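All remarks here apply to the structure that follows.
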Amino acid sequence: MSHSVYGRLMAVDREQILRSAAALLTRKSTATMDEVAKAAGISRATLHRQFAGRDALIKALEALGLTQLEAALDAARLDEGEATGAVRRLVAEVEPVAGFLAFLVTENQLFEAEAMNEGWNRIDDRISALFRRGQESGEFRIDLSPAWLTEALYGLVGSGAWAVQDGRVAAKDFQFMIVELLLGGVRRSA
């Protein structure tokens, strides 16, 4: 087997492990490395060869999550049309990865207190720019900072994901709940 074919097989396996880990940790954030290995259908030793420990696994999951989140932001076309419509598109595009995003936001706050991750900064900047655009166009109130509105969006998406996962809220209501609560609080009154 050539190195390039072997490398591709290893990359596919690694990505499958990450996807299995993400699915498990989204449901159970306290899962052990043994549980992650079992969910991925591999031995703990194989998991350890790929990821030296939980910190390494979380770093790799964060990279995957940031890639997925950047793709969602691109698909939401944040610079097009009214800011209100862009917020609606953003919530719709983020919905498929909402639980994973909630897990990563929580882990990031615990894990990287000493240094902000550049990828999170890029995402924060893009979402903050959307809220700033809405303020400048007169759609959104100006007494709440774009940074705070970005954090509020993360909080609502995370809470919505957990509520759906726990069966307290119907999955079909996810977008409506978040968009209406966020926009209801952020819209500038006439």
Any chance the range 149-156 includes a residue that's of a type in the set (F, W, Y) and free of Cβ contacts under 8 Å to residues at least 12 places away in the same chain? no
Those residues that are surrounded by 14 or more Cβ atoms within 10 Å (Cβ to Cβ) and either farther than 29 Å from S159 by Cβ or touching a residue at least 12 places away in the same chain (Cβ under 8 Å) (or both), I need them from the range 30-45; list them, please. M33, V36, A37, A39, A40, I42, R44
Kindly check whether there is at least one residue in the range 29-37 that is closer than 14 Å to E107 by Cβ, modelled with pLDDT under 90, within 16 Å of the chain's Cα centre (by Cα) and not acidic (D, E). yes
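The values are calculated or read from the model by the stated rules, or taken from the named source; none is laboratory data. Just so you know, these numbers come straight off a predicted model, no measurement behind them. Neighbour counts run over all protein chains shown; Cβ positions are idealised from the backbone, glycine included.
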